[in-house]
Amino acid sequence: MCGAKRMSPLERFLDTFLNPRVIGKYWPDILDGLIVTLELAIAVVVTGILVGLALACLRAVGIRAANIAIVCFADILRSLPPLVLILLIYFGFPNIGIVLSGPMVVYVVLSLVLAAFAEEIFWAGITSVDKGQWEAARSTGLGFAQTLGYVVLPQAVRLTLPPLANRAIAITKMTALGTVIGVPEILYQATTAQSFSGNASPLTLGALAYLALFLPFVVLARWLETRFAWRKA
Amino acid sequence: MNQILDQFLNFQVMGAAFPTLMAGLLTTAEICVVVILLGLAGGLGVALGSLHSSRWVRWPSIVLVDFFRAIPPLVLLIFVYSGLPFAGIRLSPFAAVVIAFLLNNSAYYGEVYRAGILSIGKGQFEAARSTGLTRAQTMLYVVLPQAVRNVLPDLLSNTVEVVKLTSLASVVSLGELLYAADMARSVTYNASPVVMAAAVYLVILWPLVRLVSRFERRLSL
Amino acid sequence: MKRPMLEIAGLFKAFGENAILNGINLKVPTGELVFVIGPSGSGKSTMLRCCNRLEEPTSGAILIEGTDICGLGVDINAMRRKVGMVFQSFNLYPHLNVRSNVSLALRKVLKLPRAEADERSMAALDLVGLAQRADFFPSQISGGQQQRVAIARALALEPKVMLFDEPTSALDPELVGSVLAVMRDLKASGMTMLVVSHEMGFAREAADRVIFMDGGVIVEEGAPEAVFGAPKHERTQAFLSRVRG
């Protein structure tokens, strides 16, 4: 490629990172990856938040054994790097007869991790609601579940929304870890295309795909923070 | 049952892998120290930038933070490690890991500091300025000490995330804890080394995670 | 003699080693207003909260129209409906507007359809003079108005007994009058009331009986003129002279 010598630095930069020919060839692959990432992200967010909410409600019931189990679950999944769990399940479990597909492993691990964080966030929200609210509701004859559902959670959720949004974004971004076990998400498609094309443009495209996917939610989370800032009563 | 124990808690395999894992742990510790210290400093700069009175400083800071919060750290790492060489910039795995995680974590630490500074009432600024302290002195001696104390749980929880993040360095073949464990796994066809790595992470991080929860409960009262 | 509306019989309450109530016996006949005074820590709030089982009695019985609300197999949520409670700190639900604060239990406990629940809520709000504030949120109205909404919330369930736990202690002085006026109306309408408060003037004028509590027991009880005018017990005298300053 003696032509490269005549390129200005800017042209060379563009040729390396924003090469139209490479982009034109590989953008459909990145789009496929985007759809896989999006599907995984939605599944993880829905499962993780619902499981976390259910655990926090169960914890509010106050059964000692259940609470110890919930706290241990939340602590362990918040302490372990998700990649460790992904490798363990994907490469370790087949040896004992449990074979899960790559996307399934990523879905299960990230959902559990988000559930652990969501449980802690919801629980902090529930405990931050004034005891008087429980008493007032119970004094009018509302039951435990009704008090939790109609009085406590609506107030708790407002407080938990900003940290929950931030945590959900941070964990769904980890779908990129799927590339390590061959899940055809954005990063996997981008690195594959990069090695085929010998050009860094697919990586740029991949980064842009992540920005397109997550930036709106980052901005939304920032808005939630200013809107529902923790207010001390 | 025996099969499960043999696969995941094989002490023979663990014993053989132990020295490699400890060497990996040392590398993990090195990455942590560099990324945490530089991240804490960089984050402070980012926070001050995002609260600057001039919009020409403020908005670029905020855009940069949101950019790094939207990009998965692994994407950043692979971009730095295997994208930049195309432009003639070749970095060692360690340097690539440090740069990628530093960019990522300055943004996260920055947001934490920012929330802390915003939690300090205007009266504190005014009182300090009224006694003749400069803007920088006010920040350093009056606002930051209170701000950091207010967000200590978040700083700590972000630091836990940094330690967990170092496991991604295994993807670019940097010989940290998880890489060492996964190598041992692929050689022995046995998952016990990865279980051992998980145990090491747990031993280090569980107390910190507990501490974060403790802190949060105390502050919410 | 007719059966008392509310009867407290041999009520003991301890938190661990710490005994708060040491055997309370009290009968409140239908339509009477019994006023409870005493120093802080005397157990008067705890006694009130036991009447709604917000605190579980260690032993003893609380009877509403002859039924022990602490008995086995008693539907506590159904019993609580019969006992309205008004708190010192109002405890309105901040995420619901005034009307919904009142109607929530009507809809979820009595299972009334929304229209009927709203109608009854408006009637209750009308009783406390706040029907025109139905669409406001608690944060948008004054403390006195919030407490009147809290009273309406309890009244809407048509309780047999109303418990007031220092209902005016958290209010600015100029807002106390409106809450007391509502309580006065309530008394006039024949409601059975047990009131813990420091509003001695109100007690003189509206109470049928005044009870002085100290150290978890009832030290003295009688007509307001008797307890305030000529207290028999030394501890009552000491307390009243301190309160009057």
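Side notes on the structure shown:
- Only Cα sites of the protein assembly as shown enter the Debye sum here, all with the same form factor; the resulting log10 I(q)/I(0) across q = 0.06, 0.07, 0.10 1/Å is -0.50, -0.65, -1.01, listed in q order.
- Summed side-chain charge close to A:Ile171 - residues other than A:Ile171 whose Cβ falls under 15 Å, Lys, Arg +1, Asp, Glu -1: +1
- Contact order relative to length of segment A:1-114, as percent, for alpha carbon pairs under 8 angstrom and 6 or more apart: 33 percent
- Angle between chain C longest axis and helix C:143-155 axis [Cα atoms, degrees, rounded to 10]: 90 degrees
- Counting only Cβ charges, +1 for Lys and Arg and -1 for Asp and Glu, the dipole size of segment A:26-227 around its Cα centre is about 520 debye.
- What you get for segment B:121-213, charging only the Cβ of Lys and Arg (+1) and of Asp and Glu (-1), is a dipole of about 320 debye around the Cα centre.
- Cα centroid separation, segment C:49-66 to segment B:110-172: 50 Å.
- Whole-Å semi-axes of segment B:131-221's equivalent ellipsoid (Cα gyration tensor): 40, 17, 6
- Compactness of segment C:5-64, expressed as Rg and Dmax over alpha-carbon positions, Å: 11.3, 37
- With 21 Å as the limit, the listed pairs A:Lys131/B:Lys122; A:Lys173/B:Lys164; C:Lys27/C:Lys108; A:Lys131/C:Lys187; C:Lys160/C:Lys187 have A:Lys131/B:Lys122; C:Lys27/C:Lys108; A:Lys131/C:Lys187 beyond it between alpha carbons.
- If the convex hull is drawn through the Cα atoms of segment C:4-244, its volume per residue in Å³: 125 Å³
- Only DSSP H runs of four or more residues enter the estimate; each adds -39500 (n - 2.57), and after division by the residues of chain B the mean residue ellipticity at 222 nm equals -25000 deg cm²/dmol.
- Segment A:12-76 - convex hull of alpha carbons, volume per residue in Å³: 113 Å³
- Max mean-square fluctuation residue, GNM over chain B, Cα-Cα springs under 10 Å, options B:Ala169, B:Ala96, B:Ala128: B:Ala128
- Note on chain B: Rg/Rh from C-alpha atoms, Kirkwood Rh, equals 1.08.
- Per-residue Cβ neighbour rank within 10 angstrom, fewest leading, C:Lys187, B:Lys122, C:Lys232: B:Lys122, C:Lys232, C:Lys187
- Along chain C, longest interval not containing exposed GluC sites (Glu not before Pro), exposed being DSSP loop plus at most 16 other Cβ atoms within 10 Å: C:66-245
- Percentage relative contact order, chain C, counting C-alpha pairs under 8 Å, at least six apart: 28 percent
- The value obtained for segment A:1-116, namely the Cα convex hull volume divided by the number of residues, is 174 Å³ per residue.
- Charge sum, other residues only, whose C-beta stays under 10 Å from B:Gly49's C-beta, Lys/Arg counted +1 and Asp/Glu -1: +2
- Label-point separation, A:Lys131 to A:Ser197 (7 Å along Cα→Cβ), nm: 6.3 nm
- The Cβ shell under 10 Å around A:Ala41 holds other residues with a net charge of -1, Lys and Arg each +1, Asp and Glu each -1.
- Among beta bridges that DSSP assigns inside segment C:4-244, antiparallel share in %, nearest 5: 55 percent
- 222 nm mean residue ellipticity, helices alone, for chain A (DSSP H n ≥ 4; -39,500 (n - 2.57); rounded to 500): -24500 deg cm²/dmol
- Computed over chain B: relative contact order in percent, which uses C-alpha pairs under 8 Å that are six or more apart: 31 percent
- Test item: C:100-108 mean partner chain Cβ contacts at 10 Å: 4
- Think of it as helices only: each DSSP H run of n ≥ 4 in chain C is worth -39500 (n - 2.57), and spread over all residues that comes to -10500 deg cm²/dmol at 222 nm.
- Assigned charges on the beta-carbon of Lys, Arg, Asp, Glu; the protein assembly as shown dipole about Cα centre (debye): 860 debye
- Isotropic mean projected area of the C-alpha convex hull, segment A:119-214 (nm²): 8.0 nm²
- Span per principal axis, largest first, for the Cα atoms of segment A:26-227 (Å): 70, 45, 22
- Antiparallel bridge percentage (DSSP; both residues within the protein assembly as shown; nearest 5): 55 percent
- Packing-based ranking of C:137-145, A:147-155, B:175-183, B:84-92 yields B:175-183, A:147-155, C:137-145, B:84-92, ordered from highest to lowest mean Cβ neighbour count within 10 Å.
All of the numbers you see were taken from the coordinates with simple rules; none came from a lab. Note that this is a predicted model, so its numbers are computed, not measured. Neighbour counts are summed over all protein chains in view; Cβ atoms, including those assigned to glycine, are modelled from backbone coordinates with ideal geometry.
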